[in-house]
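All remarks here apply to the structure that follows.
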Amino acid sequence: MHDARESTNDDSARLNDVRELAYDGRHADALRVLKTIEDQSDDMVLTYYGFVTRKAGDMADGMAFYAAALAVNPDNLLTRSYRGQALVEQGQVDLALAELTQIRMRGGCGTWAETSLASAIATGETYSH
C-alpha cells in the first residue's frame, strides 16, 4: 500500500477517497488522506474531519469541526445534515430540527441532506454515510 502523501490524486479526488473510507468505517485511513489535502480550511475538508472524528467516537471534536465548516460556508447542507444527525445521537432533537429548518431555508428541500436528517429525527437512527 502506498503512503497517502504519495497520491497523485488532486484534492477533489482525495475528498472522494475520504468519503469512501469514512463510509466503510476506515476512520484512521480517512484521517490520513484528509491530512494530505492542501486547503485544510476548506468547508468540505472540515466537514469530513467532523464526520470522521464523530464516527470514530469523538463527538466534541466532530461538532467543533462542523462549526468551523459552517463558519466558512453557512450554506453547506451536508455539514448541516451531519451536524443535525450528531445532535439526534446526543438526544438534542430540538436543535436537530433547527438544522433541518436551515437546510430547507437554504434550498435543500428534496436533497439527501434534508431527507437523511428528517429520517434521523423521525427514527432516531443516523447514517454512516
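The values are calculated or read from the model by the stated rules, or taken from the named source; none is laboratory data. Note that the structure is predicted; figures quoted are calculated from it, not measured. Methodologically, a virtual Cβ is constructed for each residue, glycine included, from the backbone with ideal geometry; neighbour enumeration extends over all protein chains shown.
Taking T79 and the conditions (1) under 12 Å from the mean Cα position of the chain (by Cα); (2) at positive phi, which numbered condition does it fall short on, given that it satisfies the others?
Tallying (1) under 12 Å from the mean Cα position of the chain (by Cα); (2) at positive phi, T79 fails exactly one: (2).
Filter region 20-49 down to the residues that are part of a loop (DSSP other than H, G, I, E, B) and charged (D, E, K, R), then identify the one that is farthest from A86 (Cα to Cα). Don't jump to the end; show me each part of the working.
Residues of region 20-49 part of a loop (DSSP other than H, G, I, E, B): 24-26, 35-42.
This time we only want the ones that are charged (D, E, K, R), so: 24, 26, 35, 38-39, 42.
Details: D24: 18, R26: 19, K35: 23, E38: 27, D39: 25, D42: 21 Å.
Only one residue fits best here, namely E38.
Do you know which residues across region 51-76 are among the polar types (S, T, N, Q), under 20 Å from A98 (Cβ atoms) and either out of contact with any Asp or Glu (no Cβ under 9 Å at 6 or more places or on another chain) or buried (at least 17 other Cβ atoms within 10 Å of the Cβ) (or both)? Please lay out each step first, then the result.
First pass over region 51-76, keeping only residues among the polar types (S, T, N, Q): 53, 73, 76.
Cutting the leftovers down to under 20 Å from A98 (Cβ atoms) gives us 73, 76.
Of everything in region 51-76, just one residue is among the polar types (S, T, N, Q), under 20 Å from A98 (Cβ atoms) and either out of contact with any Asp or Glu (no Cβ under 9 Å at 6 or more places or on another chain) or buried (at least 17 other Cβ atoms within 10 Å of the Cβ) (or both), namely N76.
For S128, indicate whether it is in contact (Cβ under 8 Å) with a residue 24 or more places away in the chain, assigned by TED's automatic domain parsing to the domain that holds L21 and not in a helix (DSSP H, G or I).
No.
Residues being exposed (fewer than 11 other Cβ atoms within 10 Å of the Cβ) and of a type in the set (G, A, S): count how many of those fall in region 104-129.
Of the residues in that region, 3 qualify.
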